[in-house]
Amino acid sequence: MSDGQGGTRRLVRVKAEGKIAGVCSGLADYFDLDPVLVRLAFILLLCVGGMGIIAYIVMWVMVPAGAATRAPDGRNRLHLSSKDRKLAGVCGGLGEFLGMDALIFRVLFVVFFFAWGSGVMLYVVLWLLMPRAPLASADRMPA
């Protein structure tokens, strides 16, 4: 992979954007993905034989820490909503990311809760994995 300047991009842990050690943020940066999707993949691997935790620890030890190789591009990223929130902003964030009404996601979480009992667990996992929405310059408090 190229960094666009003739050099080769390196896989690094992006600790500034990470939740634990920056492994998922580094992988997301390297593969140009949303970090929440990489975190969800590790959670799924964790549920399938525990391979997620092993892979994460190995990468934590072997992949060097560094800075992101790409500048923030203003692309729509998955985050907790600061505008459309009832509890934590998960449904509002999903709605903003996908351009849909957050009510649809609220109904789906309730259906998952009653049908399979997994709605609350899924909501809490997303709450922990999704970053807070970046503040717009007009929303910031003066120092």
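The values are calculated or read from the model by the stated rules, or taken from the named source; none is laboratory data. It should be emphasised that the depicted structure is a prediction, and the values quoted were computed from it without experimental measurement. Cβ coordinates were reconstructed from backbone atoms using ideal geometry, including for glycine residues, and neighbour counts include every protein chain displayed.
Based on what the data block shows, is Leu33 at pLDDT 75 or above, part of a loop (DSSP other than H, G, I, E, B) and under 14 Å from the mean Cα position of the chain (by Cα)? Yes, satisfied.
Within segment 99-138, work out how many residues are in a helix (DSSP H, G or I), among the aliphatic types (A, V, I, L, M) and closer than 24 Å to Gly18 by Cβ.
So in segment 99-138, the residues in a helix (DSSP H, G or I) come out as 102-116, 119-129.
Imposing the further condition that a residue be among the aliphatic types (A, V, I, L, M) reduces the set to 102-104, 107-108, 110-111, 115, 120-122, 124-126, 128-129.
This time we only want the ones that are closer than 24 Å to Gly18 by Cβ, so: 121-122, 124-126, 128-129.
The qualifying residues number 7.
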